Amino acid sequence: MPFGLLLSGLVNGARVGPVLPPAPDLKDAYDVVIIGGGGHGLATAYYLVHDWGISNVAVLDKGYLGGGNTGRNTAIIRSNYLTPEGVRFYDESVRLFQGLSNELDFNILYSERGHLTLAHTDAAVRTMRWRAEVNKHLGVDSELIFPDEIGRLCPELNLSEDVRYPILAALYHGPGAIARHDAVAWGYAAQAARRGVHLHQLTEVTGLEIAGGRIRAVLTNRGRIGCGHAIQAVAGSSSLLAAMAGFRLPIRTVPLQACVSQPLKPFLDLIVVSGSLHVYVSQSDRGELVMGGSTDPYALYSSRSTLDFKESLMAHMLELFPFLAEVKVLRQWAGMADMTPDFAPILGATPVANYWIDAGWGTWGFKATPVCGKRMAEAVGTGKVPGVLAPFALARFDDFRLVGEKGAASVGH
Ligand code: FAD
Ligand code: PYC
């Protein structure tokens, strides 16, 4: 229980939630400049000061804090990945998430639901079994279950064999959870600011000053800011920032859309995912169904939403939950997903000294917010990339050491 929340329940007039201090004056230079005020940038700022005592830090965002993919995702948190590298990494993040309301003294509405990934083909059953075995080997709670057990866990699912893609089995992952995504950004922002980090919104990085192979300054719409280190954590804009730094990323930016229904009486405890039907859905505390599907099939730097997405997602939703036919979609939106070829992130050092990267988050990076923040801060604080980040180095694309996670993506492609 976050202490602040308890206090606000017991003491009349007690302040609730994070209040950000007014933006301080922009300094000429900082020890560390973080480009991107999404969850990843803000978490890194928090752990830099909390774990390493580095407080001369600025977070710059061209828009508002949490206004990128952090405020646009479907907030699914899980560690049931396919590769040992991925499982270890996301498991650390789930553990950090479990204690985050207390750590940030702010209720992020963390809600452990259980996560069901449906398999409709023999190939999918094989991949789910594979994931279950890797997960169990690393101490992560996952198992392959079959229609009887699926029906007990989620009686609302259409388990008929007389449909286009009958459900053959599922990967069940008990620790699967959701959280209030904005609260994660606000909680990290407030705690970082309280410890002296400068948060500058409406501050766009337009260029980078590099000399002698090392980052010296970031150039912004508000002028030049010198820095000892810079970290780019800009998700959909990752390739644009890397181009300013003079290197290329194996990333395509594509839109990913989502929507919510009107509020319904609670009926869905679990998070349900079908990669084959391109559906993931959970029910929020407000009763809305939070739903998403596959990425748009073309590269685009745009966050517009389309009728085509809504129509195809609803068709697939109704295959799984036919009784929802009369339910209305309340609102729809999109984010920009920075997709890598192996569906794993790009973390750590870059060809430019003291210029660090946190990118390649595609459709899967919200759940990694705490572990990225903590371990990227450690990399900057110690000058050494921690072991849990090492497999995700940019250099893996030169060395043919990919971390193939496509089989663990919730989103069909
Ligand atoms: P963002 O939150 O995008 O922050 C980057 C920030 O950088 C932005 O605020 C932007 O304004 C700023 N910026 C960009 N360029 C500049 C510049 N030049 N100067 C200054 N600032 C700049 N992941 C999951 O784990 N589970 C899910 O269920 C899930 N569902 C998703 C559903 C949708 C519809 C989408 C779009 C994504 C989903 N994701 C999910 C992915 C997840 O949202 C992202 O991977 C994650 O939020 C990335 O966080 P971030 O902090 O790196 O980036
Ligand atoms: O990574 O679990 C995930 C996810 C779900 C929806 C989008 N991404």
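The values are calculated or read from the model by the stated rules, or taken from the named source; none is laboratory data. Small disclaimer: the values here were computed from a predicted structure and weren't measured. Here the Cβ is made from the backbone with ideal geometry for all residues, glycine too, and neighbour counts use every protein chain on show. We work out accessible area using only protein heavy atoms, side chains counted, and drop any ligands, DNA or RNA first. Shrake-Rupley method; radii C 1.70, N 1.55, O 1.52, S 1.80 Å.
Extension gain, residue 121-residue 102: 0.36 nm per intervening residue step, less the Cα-Cα distance, totals 2.7 nm.
Please identify, among 90, 301, 81, the residue showing maximal mean-square fluctuation in a Gaussian network model of the chain using a 10 angstrom Cα cutoff. Maximum among the listed residues: 301. The dipole here belongs to the chain: it is taken about the Cα centre, uses +1 on the Cβ of Lys and Arg and -1 on the Cβ of Asp and Glu, and is about 860 debye. Amide hydrogen proximity for residue 278: with H placed 1.01 Å from N in the peptide plane, the residues at 5 or more positions away or on another chain lying under 5 Å are 412.
Tally up the carbon and sulfur contribution to the accessible surface of region 196-287 as a whole percent, 1.4 Å probe, everything protein left in place. Result for region 196-287: 51 percent of the exposed heavy-atom area is carbon or sulfur.
Summarised in one figure, the compactness ratio Rg/Rh of region 125-164, Cα atoms and Kirkwood Rh, is 1.08.
For a straight C-alpha distance cut-off of 17 angstrom, the lysines reachable from residue 328 (same-chain residues fewer than eight places away being disregarded) are 265, 310. Over the chain, accessible surface divided per residue gives 41 Å², non-protein components excluded, 1.4 Å probe. Simple point charges give the picture: +1 on the Cβ of Lys and Arg, -1 on the Cβ of Asp and Glu, and for region 30-167 a dipole about the Cα centre of about 280 debye.
I need the shape label for region 219-296. Rule: rounded when a/c is under 1.5, else prolate if a/b > b/c, else oblate, with a, b, c from the alpha carbon gyration tensor. Prolate, since a/c reaches 1.5 and a/b exceeds b/c.
For the chain, the C-alpha radius of gyration sits at 0.98 times the compact-globule guess of 2.2 N^0.38 Å, with N the residue count. Relative to the longest principal axis of the Cα atoms of the chain, the long axis of helix 369-382 lies at roughly 30 degrees.
Average 1/r across all pairs of distinct alpha carbons in region 82-214, invert it, and you get the Kirkwood radius: 18.3 Å.
If you line up the long axis of helix 181-194 against the longest principal axis of the chain, both from Cα atoms, how many degrees apart are they, to the nearest 10? The angle comes out near 20 degrees. Judged by the gyration tensor of its Cα atoms, with axes a ≥ b ≥ c, region 82-152 is oblate; a/c meets the 1.5 cut and b/c is at least as large as a/b. Positive-end ranking of 189, 284, 89 along the dipole of the chain, with charges on Cβ about the Cα centre, is headed by 189.
With springs connecting C-alpha atoms under 10 Å apart, model the chain as a Gaussian network and identify which of 214, 152, 401 has the largest mean-square fluctuation. Fluctuation is largest for 152. Applying the criteria of a DSSP loop state and at most 14 other Cβ atoms within 10 Å to the trypsin sites (Lys or Arg not before Pro) of region 257-341 yields 286, 304, 328.
For the options 148, 398, 358, a Gaussian network treatment of the chain with springs between C-alpha atoms closer than 10 Å singles out 398 as fluctuating the most.
Ranking 101, 154, 323 by Cα position along the charge dipole of the chain, where only Lys, Arg, Asp and Glu carry charges on their C-beta atoms, puts 101 farthest toward the positive end. Taking 22 Å as the straight-line reach from the Cα of residue 62, the lysines in range (excluding those fewer than 8 positions away in the same chain) are 27.
Only aspartates and glutamates eight or more places from residue 374 in sequence, or on another chain, were considered; those with a Cα closer than 19 Å are 31, 51, 85, 91, 92, 103, 105, 182, 358.
Counting only alpha carbon atoms, the long axis of helix 307-320 and the longest principal axis of the chain meet at about 50°. If only the Cβ of Lys and Arg carry +1 and only the Cβ of Asp and Glu carry -1, the dipole of region 55-97 around its Cα centre is close to 120 debye. Quick check: at a probe of 1.4 Å, how many percent of the accessible area of region 16-70 sits on carbon and sulfur atoms? Result for region 16-70: 55 percent of the exposed heavy-atom area is carbon or sulfur. Counted over region 25-111 with a bin width of 10 Å, the fraction of Cα pairs per bin, in whole percents, is 15, 38, 37, 10, 1. Ligands, DNA and RNA left out, the accessible area of region 313-397 computed with a 1.4 Å probe is 61% carbon and sulfur.
In this structure the amide hydrogen of residue 203, modeled in the peptide plane, comes within under 5 Å of the amide hydrogens of 61, 62, 63, none closer than 5 places in sequence on its chain. Exposure here means at most 11 other Cβ atoms within 10 Å; with GluC sites (Glu not before Pro) in a DSSP loop as sites, the longest stretch of the chain lacking them is 162-325.
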